[in-house]
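Structure first, commentary second.
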Amino acid sequence: MISITILGTGNVAQNLFEAFLLADGVEVLQVVGRAADRMEFFKHRTTLVTYEEKLDPTDIYIIAVTDDAIREVSDKIVTSGLVVHTSGAVGISMLETHERQGVFYPIQTFTKGRILDFFKIPLCIEATNENDLKLLHRLGSSISSNVVPIASDKRRALHVSAVFVNNFTNYMYTIGAELCKENQLDFSLLKPLINETVEKLDFLDSFVAQTGPARRGDLQTLHTHLSQLKSKKHREIYTLLSNSIKATYPIKKDKS
């Protein structure tokens, strides 16, 4: 049995907690939060303590807080157990005050009030010694079908990639929704297009899948679109992305 302490009460902590409850050979002995009113989700389901209280000994302490709070929370833990964080952007060295350090990073976006199927979420793990890496692999395999050892530098590169495919893509949806609203159009008309764009990545490389006027070198359509955009910010983003696509896919002129 692997005993767990989760430090944090937000979206990542809640999803991990639910996943561990369903896992064989894992027990969440305590959840640590700043105040009782932040721990309602976990109430009557495990032992709840605040950061001012002494923690019980467990095998693994999982710090699931915002990146800028990891060091502060880490410094509050006095243990000989394994201490890990769940960040994609923070190196393992952030936990340097502990003899046993690790990372337990789920590659997913988590939303308040939404519990995901953790079995489908890839987990990146890292540890400062081989035995702890094996322990994290065993823990990760209890809740995920895809557990991958990745060092801090590679994980940070993966996190930057995730920002492009998730955060930036979602912002494009926001702009699309704004344009639809400006023109009294229903944004839901675009949802089948969004779904197909993602689904075809299962059988087609994104580089090959690229379509659109910039990919085709259709300057007339590009100029028409720019003339339709009322916002300077939207025109700048459209131009930047279109120019980047054109540079990636130079159009070869037919010399025949």
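So in segment 65-83, with the set limited to residues that are assigned to a helix (DSSP H, G or I) and among the hydrophobic types (A, V, I, L, M, F, W, C), which one is surrounded by the fewest Cβ atoms within 10 Å (Cβ to Cβ)?
ALA69
Quick check on my filter: what residues within segment 42-59 are buried (at least 16 other Cβ atoms within 10 Å of the Cβ) and either outside any strand (DSSP E or B) or among the polar types (S, T, N, Q) (or both)?
PHE42, THR46, LEU55, THR58, ASP59
Residues that are touching a Ser or Thr at 6+ places or on another chain (Cβ under 9 Å), in a helix (DSSP H, G or I), modelled with pLDDT of 95 or more and among the hydrophobic types (A, V, I, L, M, F, W, C): does segment 210-217 have at least one?
Yes, that holds for at least one residue.
Output the residues belonging to segment 24-38 that are surrounded by fewer than 19 Cβ atoms within 10 Å (Cβ to Cβ), not acidic (Asp, Glu) and not in a helix (DSSP H, G or I).
GLY25, LEU29, ARG34, ALA35
Could you list, in sequence order, all residues of segment 103-124 that are in contact (Cβ under 8 Å) with a residue 40 or more places away in the chain and surrounded by 20 or more Cβ atoms within 10 Å (Cβ to Cβ)?
VAL103, PHE104, TYR105, PRO106, PHE118
How many residues are in a strand (DSSP E or B) and within 13 Å of the chain's Cα centre (by Cα) if we restrict to segment 85-130?
Of the residues in that region, 5 qualify.
Any idea which of THR9, THR46, THR86, THR50 is under 20 Å from LEU136 (Cβ atoms) and assigned by TED's automatic domain parsing to the domain that holds PRO106?
THR86 is the lone residue from the list that is under 20 Å from LEU136 (Cβ atoms) and assigned by TED's automatic domain parsing to the domain that holds PRO106.
Hey, among the residues in segment 171-221 that are surrounded by fewer than 10 Cβ atoms within 10 Å (Cβ to Cβ) and aromatic (Phe, Trp, Tyr), which one's nearest to ILE245 (Cα to Cα)?
So, considering only residues that are surrounded by fewer than 10 Cβ atoms within 10 Å (Cβ to Cβ) and aromatic (Phe, Trp, Tyr), the one nearest to ILE245 (Cα to Cα) is PHE207.
Exactly one of (1) at pLDDT 95 or above; (2) touching a strand residue (DSSP E or B) at 6+ places or on another chain (Cβ under 7 Å); (3) hydroxyl-bearing (Ser, Thr, Tyr) is unmet by TYR171. Its number?
(2)
The values are calculated or read from the model by the stated rules, or taken from the named source; none is laboratory data. Quantities reported herein were computed from a predicted structural model and do not represent experimental measurements. For neighbour counting, all protein chains shown are included, and Cβ atoms are generated from backbone atoms with ideal geometry for every residue, glycine included.
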